[in-house]
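First up is the structure itself, then whatever we jot down about it.
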Amino acid sequence: MVIQITRYNLKCRECGKEYPAEKRSVCDDCFGPVKVNFNIDEVRKTFTKSAISQRPRTLWRYFELLPVDDKNKIIDLGSSCTPLIHAKNLGKVLGLKNLYIKNDSINPTFSFKDRPVTVGITKAIEFDMKVISCASTGNLAASCGAHASKAGLECYVFVPDNIEHNKIAQIAAYGAKIISVNGIYDTANRLSNEAADRYGWAVLNVNIRPYYAEGEKTIAFETAEQLGWNLPDAVVVPIGSGGLLCEVEKAFTELRNLSFVPEHHVRFFGAQGEGADAVITAFKNKTNVIPIKNPKTIAKSIMFGSPGDGDHALKIMKETNGGGENPTDGEILEGIKLLAKTEGILTEPAGGTTIAALKRLTEAGSFDSGDKIVAYITGNGLKTQEAIPKANIRRIDPKIEFVDRILKEGI
Ligand SMILES: *Cc1c(COP(=O)(O)O)cnc(C)c1O
Ligand SMILES: [Zn+2]
């Protein structure tokens, strides 16, 4: 049966079966994930470069490629349109002339999760759902909490019991109800699945996932727009579930299909912390993704044992002649310091992982020195005080002679 589509419908990523844009996240036939499938001819009617250039600087400028119908229902905290910085200082250290940092640590709740959440919660409201929920390592929970407040909806978040103190404080401040689950992220995620069915909640990254995930594409739309509607030669993306990496690829493909960008090959590189590196290990060992029972890394926001989109992320890394790296905790902390000291950007360990992976990849000769590379910095360092480099401080009485002495002796 052919289902008539207007601007978008749902399509199974595994078997291709199509469904209307309903409340659904898996395929009835093969249990594969369903994805939003856009009718490019329909999108093209109003989605033009000149139209976009006139629109407000929020991710809703890409409305036609987002799975939402009613503009009046949009819940938006002003996410996105974050800087794409030519990282000349870091590039010099690494030997890369055209290194760019997409700094998504400065979104309203200080991670890239504001992108999928603004789309996911808007869709949940279109579906007339009343309670917002998620399973999260912290950043998604904070974003859900903030957006639910703005929408005036109740919010319950499932988090593993070991996440950073500042993240808990932030989530609580928004008024979200925190359900801290004994165990790792994967455990909290399983419980949130049950809650979605039992209570009819909109668990954004579970039963609203196809819609939620589309918001992640906007980080890539922006990248292309900021490069003058061009694609980079390579991207380096942190991998938790693998969702972000997959959505960056989906976004670039949609832009190619619209002829918004020249046909240009982009190589995809993933970054995971050693100890929570199921996708990178699979790439290196040329195997399928084998779940890790007890994942462990300082990069807790990407500490997943069984990445839901891991297989698809791996496929993209392979098919684009990309790769990935799995730095140690020590390298991740060095990555945080390096980015802060060269570019003035303080990121959390997930960003440190991206920088450390970029460093390893560069040293291994994965790039040419002139390659245009975009590294995605997805979260803010102030959220993870535990991982901020220790400060050297000299206390003095307020007399200029003491300052003299410090300048002589150094700090
Ligand atoms: C969630 C998250 C990621 C990983 O995203 P996935 O889509 O799950 O792969 C990366 N960085 C930060 C800071 C995150 O919060
Ligand atoms: Zn299917």
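The values are calculated or read from the model by the stated rules, or taken from the named source; none is laboratory data. Here the structure is a predicted model, which means the values were calculated and not measured. Methodologically, a virtual Cβ is constructed for each residue, glycine included, from the backbone with ideal geometry; neighbour enumeration extends over all protein chains shown. Accessible surface is based on the protein model in full, side chains and every heavy atom, while ligands, DNA and RNA are left aside. Shrake-Rupley method; radii C 1.70, N 1.55, O 1.52, S 1.80 Å.
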Single condition S306 does not satisfy, out of (1) within 13 Å of ligand 1 (Cβ to nearest atom); (2) part of a loop (DSSP other than H, G, I, E, B); (3) open to solvent by less than 10 Å² (accessible area, probe 1.4 Å): (3)
Residue count for the stretch 186-237, restricted to those that are free of Cβ contacts under 8 Å to residues at least 40 places away in the same chain, open to solvent by less than 40 Å² (accessible area, probe 1.4 Å) and in a helix (DSSP H, G or I): 2
Subset of the stretch 170-185 that is at pLDDT 95 or above and part of a helix (DSSP H, G or I) - its residue that is surrounded by the most Cβ atoms within 10 Å (Cβ to Cβ): I171
Filtered residue count, the stretch 191-248, keeping only those that are within 16 Å of ligand 1 (Cβ to nearest atom) and more than 17 Å from the chain's Cα centre (by Cα): 3
The stretch 357-385 residues that are under 18 Å from L333 (Cα atoms) and among the aliphatic types (A, V, I, L, M), paired with ones that are open to solvent by 60 Å² or more (accessible area, probe 1.4 Å) and at pLDDT 95 or above (beta carbon under 8 Å, 6 or more apart): L382/F110
Selection within the stretch 318-335 - over 13 Å from P238 (Cβ atoms), in contact with a strand residue (DSSP E or B) (Cβ under 6 Å, 6 or more places away or on another chain) and surrounded by 20 or more Cβ atoms within 10 Å (Cβ to Cβ): G322, G323
Matching residues in the stretch 355-395 - criterion: being farther than 19 Å from T137 by Cβ and assigned to a strand (DSSP E or B): K372, I373, V374, A375
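Condition check ((1) more than 16 Å from ligand 2 (Cβ to nearest atom); (2) closer than 19 Å to F127 by Cα) across all residues:
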| residue | (1), (2) |
| --- | --- |
| Y8 | yes, yes |
| K17 | no, no |
| C30 | no, no |
| P33 | no, no |
| I40 | yes, no |
| V43 | yes, no |
| T46 | yes, no |
| S50 | yes, no |
| R61 | yes, no |
Some residue of the stretch 195-203 being modelled with pLDDT under 95, hydrophobic (A, V, I, L, M, F, W, C) and away from ligand 2 (no atom under 16 Å from the Cβ): yes
Given (1) in contact with a Phe, Trp or Tyr (Cβ under 7 Å, 6 or more places away or on another chain); (2) within 23 Å of T378 (Cβ to Cβ), index of the condition I168 fails: (1)
R13 vs. criteria within 16 Å of ligand 1 (Cβ to nearest atom) and within 18 Å of R209 (Cα to Cα): yes
Elements of type strands (runs of 3 or more DSSP E) in the stretch 59-150, at least 3 residues being in contact (Cβ under 8 Å) with a residue 12 or more places away in the chain and either charged (D, E, K, R) or open to solvent by 10 Å² or more (accessible area, probe 1.4 Å) (or both): 84-86, 98-103
Residues satisfying the stated conditions in the stretch 91-134, i.e. away from ligand 1 (no atom under 12 Å from the Cβ), closer than 30 Å to L191 by Cα and either in contact with a Cys (Cβ under 8 Å, 6 or more places away or on another chain) or of a type outside the set (A, V, I, L, M, F, W, C) (or both): P108, T118, G120, I121, T122, K123, E126, D128, K130, V131, I132, S133
Selection status of A313, open to solvent by 60 Å² or more (accessible area, probe 1.4 Å), at pLDDT 95 or above and among the aliphatic types (A, V, I, L, M): no
Scope the stretch 23-58; condition closer than 19 Å to H147 by Cα and either loosely packed, with under 15 Cβ neighbours inside 10 Å or basic (K, R) (or both); matching residues: R57
